[in-house]
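The values are calculated or read from the model by the stated rules, or taken from the named source; none is laboratory data. Source: prediction; values computed, not measured. Methodologically, a virtual Cβ is constructed for each residue, glycine included, from the backbone with ideal geometry; neighbour enumeration extends over all protein chains shown.
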C-alpha cells in the first residue's frame, strides 16, 4: 500500500532525536562518547550545545567554547574529578515574532559535560569570556602528569 507523502513529518525527526539520545546513553554507560560530528540528524548538536574545541598538553587541558551572544553572567563552569561541565542560558534579544521563518539558533538553557582523560586541579581552573569565546584553562593535578623515571645501570 502506498501513502502519499505530504512533506516533512516532525514526529519522524523526533523519533531520530529519541534514537540518538538512546545511542548516546548506551555509549556513556560503557565509558564511550559519540564522536563529534556523527549525528543521526545533521545540525541538531550545533543548535543544542555551543561548539567546543578541547586541546591538551603535558600540564593542562584547554577548552574554547563558541558562545556568541551569551551574557557572561549566565555561563557556569564546574569541574569534578575528570568531568568538565559548562552550562548557561541564552534569552531573546527582542520580542519574539508571532511566526518564525527560518530557525537555526536555539534559545534557552544548555548543559554540556565533557570527560577529560585526567583529573584537573579545580582550584586553579580559569575561565575568560572575550568576543563570544569562553576560554577555559584546566591545569592537571600533579599525579595526572607523566613522570620520567631515570633508569640506572649497575
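Which of the following residues is under 26 Å from residue 24 (Cα atoms), outside the structural domain of residue 24 (by TED's automatic domain parsing), at pLDDT below 95 and touching a strand residue (DSSP E or B) at 6+ places or on another chain (Cβ under 9 Å): 132, 88, 69?
88
Regarding residue 79, is this residue at pLDDT 80 or above and touching a helix residue (DSSP H, G or I) at 6+ places or on another chain (Cβ under 6 Å)?
So residue 79 passes the test.
Could you list, in sequence order, all residues of the range 110-129 that are touching a strand residue (DSSP E or B) at 6+ places or on another chain (Cβ under 7 Å) and free of Cβ contacts under 8 Å to residues at least 24 places away in the same chain?
121, 124, 126, 128
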